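Read-outs: derived from the displayed coordinates by stated rules, not from any lab. Keep in mind the model is a prediction, meaning the values are calculated, not measured. Because the Cβ atoms are built from the backbone with ideal geometry, glycine has one as well, and the counts that use them run over all protein chains shown.
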Amino acid sequence: MNLFRSEEHVHQWSQFEPATSERILTLDDLVELFSVDHFTRRLDSHYIASGLHGDSFITAVTELGRTRSYWSP
């Protein structure tokens with residue numbers, strides 16, 4: 001993971017590859033993704049047994065417009 005101050009800063013990086021543009025996330029996007037049950041319910045005793053929380057991550061990814069295979073489970 002590389003952290004940059006802006007998307008423009010990413011594009012100026014010497015190792016930037018245009019084909020990876022969809023993988024760029026803003027801080028707001030990261031907050032949204034890490035706020036879904038998939039992450040917030042990990043300490044629940046039934047988390048693994050339920051297997052229900054992966055859908056919340058997929059829904060959040062889709063709502064952010066991330067639809068390419070990189071984001072598929």
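Place a point 7 Å from Cα of Gln12 in the direction of its Cβ. Which residues in the range 19-34 have their backbone N less than 19 Å from it?
21, 24-27
In sequence order, what are the phi-derived ³J(HN,Hα) couplings for the range 26-40 according to the Karplus relation 6.51 cos²θ - 1.76 cosθ + 1.60 with θ = phi - 60°, rounded to whole Hz, with x for glycine and proline?
Values, residue by residue: 7, 4, 4, 4, 5, 4, 4, 5, 7, 9, 7, 3, 3, 9, 6 Hz.
Do the sum for the chain: with -39,500 (n - 2.57) for every DSSP H run of n ≥ 4, divided by all residues, what is the mean residue ellipticity at 222 nm, to the nearest 500 deg cm²/dmol?
When only DSSP H runs of four or more count, the value is -10000 deg cm²/dmol.
How large is the Kirkwood hydrodynamic radius of the chain, counting all unique pairs of alpha carbons, in Å?
13.9
On C-alpha positions alone, give me the angle between the axis of helix 54-63 and the longest principal axis of the chain, in degrees, nearest 10.
With both axes taken from Cα atoms, the answer is about 40 degrees.
Would you mind finding the longest exposed-site-free stretch of the chain, with exposed chymotrypsin sites (Phe, Trp or Tyr not before Pro) meaning DSSP loop and at most 16 other Cβ atoms within 10 Å?
The longest uninterrupted stretch comes out as 35-73.
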